[in-house]
Amino acid sequence: MPLDFYLNAATGGLLTGLVYGLSALGLSVIFGVIRIVNFAHGEIMVLGMFATLLIFRHLGIDPLASLPIVAAGLFGFGFLLQDMVVRRVAHLADHMQFLLMAAIAVVLISLCLMLFGPDAQGLQVDYAYESFAIGPLLVDKVRVYAGLAALTVAGLLFAFFRYAPTGKAIRACGDNPVGAQVVGLNLRRLYALTFGIGTACLGAAGAIMLLLVDVHPYLGPSYTLLAFIIVIIGGMGSLPGALLGGILIGVSEAVAGLILQPSLKSAFSFGLLILVLLLRPQGLLGKAVR
Amino acid sequence: MTGMTRRQWLKATAGGAAATLPLLRIARAQTSGPLRVGVILPRSGVLAGIGQDLYRGVELAGPILRDLGYPEMEIMEGDTESNVQTARAVAERLIEAGAHVLVGAFDSGQTTAIAQVAEQKGIPLIINIAAAPQITEQGYRFVFRNFPTAPTILSNAFQQQKEIFARVGAAPKTVVFMHVNDTFGTAMAGGIGAVMPKFDMPYRIVETIAYDPRARDLSIEVAKAKAAGADALLMVSRLNDAILITRELIKQRWTPQAVLSMGPGWYEDQYIKTLGKYSDGPMSFVPWYDPKKPLSRKLEEAHARAYPGTNLNTNQVFTFEALLIAADAYRRAGTTDPGALAEAIRTTHITDNVSIGPGIMFNEKGQNDGLVDATIQNVGGKLVVVAPEAAAVADPIWPMPPYDAR
């Protein structure tokens, strides 16, 4: 098989992986700071996809343009969810928190079923069938825009956590909640902000993902599982790790599909997960806990 | 205790049961009232698009069969959610709710599950669409299929492909075979290995690619197919995957000489509606309707009135015929008793039907083995019969018009 086929597959995988990474960032942000494992991760992203679909259908706005609106909407949703619901179970055992998040996931699936029905729905943008030819590379335009959008959102998020005072405060809460309280940080507000930022990431990822796949209410669990694989490979709580994990999964699935059998793509991701858990349980960029 | 001994209790129970049984039998064998037909289709889930298309056959059947003087039927709807377990549960539920006959279910895996329930409960199942041969190879007494099996579809397909190659004076030397990895897809893949050598085809399969029916992205599959450098694409697919594959063919700038499909997906209205001008070109080798039969014309007219701007296709034709078989059996049996209905279905002999072939009659296995396929090509958003030559209304377009020149 000519080399350009592998390059094409790897490029496509890289771009899809960036979107996977952005979605996993949402999970990593929430876990890294609040220490809550968001089992409703995929379902919240599906909510973002449906919101994008509605905006496209009723207002004709391209998903990339409606991305900030959807992200803002889901930020509000996440903020309120943390402040009104999740916060109240934070003191309970882990399994109680898991159950709460799983229950929220079921509620969201049912809500989507009631509002949108069970069928797969998608949208078609003007550039849906176009691709860029760069030398031997033939890259799908939708995937390029999706990858770039994901990279931009991830870059903004990194900058926020690195340079913005609120971002630094959130990191302080994640590193040392007691210390953060001692210096006067408002943990309740910052946790709600963090959850909101995590779900905003999912809204952005959902808006971008809708360019690549059709949405239906049952799509959520598969993306929750994928996000878990990515953050475990990248390192739980590590933001660069989530992005790296997404890229690794995207590229390895694409290339493995080409070299082996396409139906072995998922098996390859799980193989990678087992390998990382055996050789580096803290994930590629995660910190070892002693 | 109230003073009743165990022996008295047993006597009373046995007496009660003996008195009730004939009543139950009478209730089961009653002839009055409409025939209750449980129509089980994949109305949601991954096969939802096809499920909606299939249901149009149900909606068309009511008025036409009434016009033809068939007795009244009451349709009980069941949704498999494109899932084998749900299909089984829905079949059980409909039978418990009083269905006298079942019809369904498009997907071979789901139909297999329903067939087991129907046989176990002694309720006739009339299969509208499902091609896995094993369904009618189990020795079932209550299962009837008015749809060709995978080997029949393949034999007809290879025969008609050779006819087309001869008519256009060209043939692919190599093909990539892509198939959906479900019961139907694997049955067809197995059938190709067994049937193709008998036809001395001008091409060889250079690559076989199986994929998940629930796949959300088929870019790698198409890239692999393109990399094989084959002349044509041999397909066994469903609807969503057919759309995904076409999108990828366009994006990856590969127009094979032909897309030769031996399953659904490429002729469905949703395919044509979603892809517009890009839907033209594929050829589907499928069981079809004979446009020259009087009932076909009636069905076509009713379809055009009910769903203007769309094409009548296999889904509606065979769902309609399944209900025709049920109504015909009920008329002849004169009872809703499942055993009598099954016997009536077994002796079906309908020549005023819609599908290509001598008519509807079942062999000892409950299979209609007289059905003949047709080759349909998508041309300008319409479905055109291009083979067999006797039924053809147009010449096949070969090679397919390039996607980037449309």
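No value in this document is a laboratory result; all are computed from the given coordinates. Keep in mind the model is a prediction, meaning the values are calculated, not measured. Using ideal geometry, Cβ is built from the backbone for each residue, glycine included, and neighbour counts are taken over all protein chains shown.
Based on the Cα gyration tensor of the range B:45-132, what are the three equivalent ellipsoid semi-axes, each the root of five times an eigenvalue, rounded to whole Å and given largest first?
Equivalent-ellipsoid dimensions as semi-axes: 21, 17, 11 Å.
Convert each backbone phi in the range A:216-225 into a coupling constant with the Karplus relation 6.51 cos²θ - 1.76 cosθ + 1.60 (shift: θ = phi - 60°), then list the ³J(HN,Hα) values in order as whole Hz, x for Gly and Pro.
8, x, 8, 6, x, x, 5, 6, 4, 4
Please list the equivalent ellipsoid semi-axes of the protein assembly as shown, computed as the square roots of five times the alpha-carbon gyration tensor eigenvalues, in descending order and whole angstrom.
Sorted largest first and rounded, they come to 49, 36, 21 Å.
Once amide H atoms are placed 1.01 Å from N in the peptide plane, what residues at a sequence separation of 5 or more from B:Ala387, or on another chain, have their amide H within under 5 Å of its amide H?
Residues meeting the criterion, in which the H sits 1.01 Å from N, are B:Thr375.
Loop only per DSSP, at most 12 neighbouring Cβ atoms within 10 Å: give me the chymotrypsin sites (Phe, Trp or Tyr not before Pro) in the range B:318-361, ordered by residue number.
Within the range B:318-361, no chymotrypsin sites (Phe, Trp or Tyr not before Pro) qualify (loop, at most 12 other Cβ atoms within 10 Å).
Give the angle, between 0 and 90 degrees and rounded to the nearest 10, that separates the Cα long axis of helix A:165-175 from the longest principal axis of the Cα atoms of chain A.
Between the helix axis and the principal axis of chain A, the angle is about 80 degrees.
Angle between the Cα long axis of helix B:239-251 and the longest principal axis of chain B, 0 to 90 degrees, nearest 10?
10 degrees
If each Cα of the range B:178-305 is one equal point scatterer, what is log10 of I(q)/I(0) from the Debye formula at q = 0.12, 0.23 Å⁻¹?
Result of the Debye calculation: -0.51, -1.47.
Give the percent of DSSP beta bridges with both residues in the protein assembly as shown that are antiparallel, rounded to the nearest 5.
Details: 17 of 53 bridges.
Taking every DSSP beta bridge within the protein assembly as shown, about 30 percent pair in antiparallel fashion.
From the cross-link list A:Lys141/B:Lys277; B:Lys273/B:Lys365; B:Lys298/B:Lys382; A:Lys168/A:Lys287, which pairs have alpha carbons spaced over 27 Å apart?
Numbers: A:Lys141/B:Lys277 20 Å; B:Lys273/B:Lys365 39 Å; B:Lys298/B:Lys382 19 Å; A:Lys168/A:Lys287 19 Å.
Pairs exceeding the cut-off: B:Lys273/B:Lys365.
Which values, in whole Å and largest first, are the semi-axes of the equivalent ellipsoid of chain B obtained as the square root of 5 times each eigenvalue of the Cα gyration tensor?
Working: eigenvalues 370, 102, 68 Å².
Working from the Cα gyration tensor, I get semi-axes of 43, 23, 18 Å.
In nm, give the distance between the simple-model label positions of B:Val168 and A:Phe158, each being 7 Å from the Cα along the Cα-to-Cβ direction.
5.1 nm
Calculate for chain B the 222 nm mean residue ellipticity that helices alone would give, adding -39,500 (n - 2.57) per DSSP H run of length 4 or more and normalising by residue count, nearest 500 deg cm²/dmol.
Computed ellipticity for chain B at 222 nm equals -14000 deg cm²/dmol.
So what J values fall out for the range B:78-90 if you push phi through Karplus, 6.51 cos²θ - 1.76 cosθ + 1.60 with θ = phi - 60°, rounded to Hz, Gly and Pro as x?
Result, rounded to whole Hz: x, 10, 7, 6, 6, 9, 5, 4, 5, 4, 4, 5, 5.
Counting DSSP beta bridges with both partners in chain B, what percentage is antiparallel, nearest 5?
So the antiparallel bridges in chain B amount to around 25 percent.
At a 10 Å Cβ-Cβ cut-off, how would you order A:Ile274, B:Ile220, A:Ile30, fewest neighbours first?
A:Ile274, B:Ile220, A:Ile30
Would you compute, for the Cα atoms of the range A:54-151, the largest minus smallest coordinate along each principal axis and list the three values in descending order, in whole Å?
Taking max minus min along each principal axis of the Cα atoms, the range A:54-151 gives 57, 30, 23 Å.
Using θ = phi - 60° and the Karplus relation 6.51 cos²θ - 1.76 cosθ + 1.60, list the HN-Hα couplings for the range B:186-196 in order, rounded to whole Hz, with x at every Gly or Pro.
Rounded to whole hertz, the list is 6, 5, 5, 4, x, x, 4, x, 7, 8, 4.
Under a cut-off of 18 Å between alpha-carbon atoms, report the aspartates and glutamates in cross-link reach of B:Lys173, not counting same-chain residues fewer than 8 places apart.
The reachable aspartates and glutamates, counting only those whose Cα sits under 18 Å from B:Lys173, are B:Glu163, B:Asp200, B:Glu207, B:Asp231.
Which FRET efficiency value, to the nearest 0.05, is calculated for A:Leu225 and B:Glu364 with the Förster distance at 35 angstrom and r the Cβ-Cβ distance?
Efficiency, rounded to the nearest 0.05: 0.15.
For peptide B:247-255, what's the mean number of Cβ atoms from other chains within 10 Å of each residue's Cβ?
That average works out to 4.
Treat the count of other C-beta atoms within 10 Å as a stand-in for reagent exposure and order A:Met114, B:Met73 from fewest to most.
A:Met114, B:Met73
Alpha carbon centre of the range B:141-163 versus the range B:231-263: separation in Å?
22 Å
Mean 1/r over all different Cα pairs, inverted: what Kirkwood radius does the range A:58-105 give, in Å?
Evaluated on the range A:58-105, it is 12.7 Å.
Of B:Thr255, A:Val178, A:Leu74, which is farthest along the charge dipole of the protein assembly as shown in the positive direction, counting Lys and Arg as +1 and Asp and Glu as -1 at C-beta?
Farthest towards the positive end: A:Val178.
Take the Cβ-Cβ distance between B:Ala194 and B:Ala89 as r, set R0 to 45 Å, and report the resulting FRET efficiency rounded to the nearest 0.05.
0.85
Compute the long axis of helix B:314-333 from its Cα atoms, compare it with the longest principal axis of the Cα atoms of chain B, and write down the angle in degrees, 0 to 90, nearest 10.
The answer is roughly 30 degrees.
For the range A:3-279, what is the convex hull volume of its Cα atoms per residue in Å³?
For the range A:3-279, the hull spanned by Cα atoms encloses 136 Å³ per residue.
Among B:Met178, A:Met101, B:Met283, which comes first, second and so on when ranked by fewest other beta-carbon atoms within 10 Å?
Values: B:Met178 26, A:Met101 22, B:Met283 29.
By the 10 Å Cβ count, ascending: A:Met101, B:Met178, B:Met283.
Can you give the charge dipole size of the range A:3-279 about its Cα centre, rounded to the nearest 20 debye, using +1 on the beta carbon of Lys and Arg and -1 on the beta carbon of Asp and Glu? If you can, show how the numbers build up before the last one.
Numbers: 12 positive and 12 negative charges, 175 e Å.
That gives the range A:3-279 a dipole magnitude of about 840 debye.
Can you give the Rg to Rh ratio for the range B:103-182, taking only C-alpha atoms and Rh from Kirkwood?
Numbers: Rg = 16.6 Å, Rh = 14.5 Å.
We get a ratio of 1.14 for the range B:103-182.
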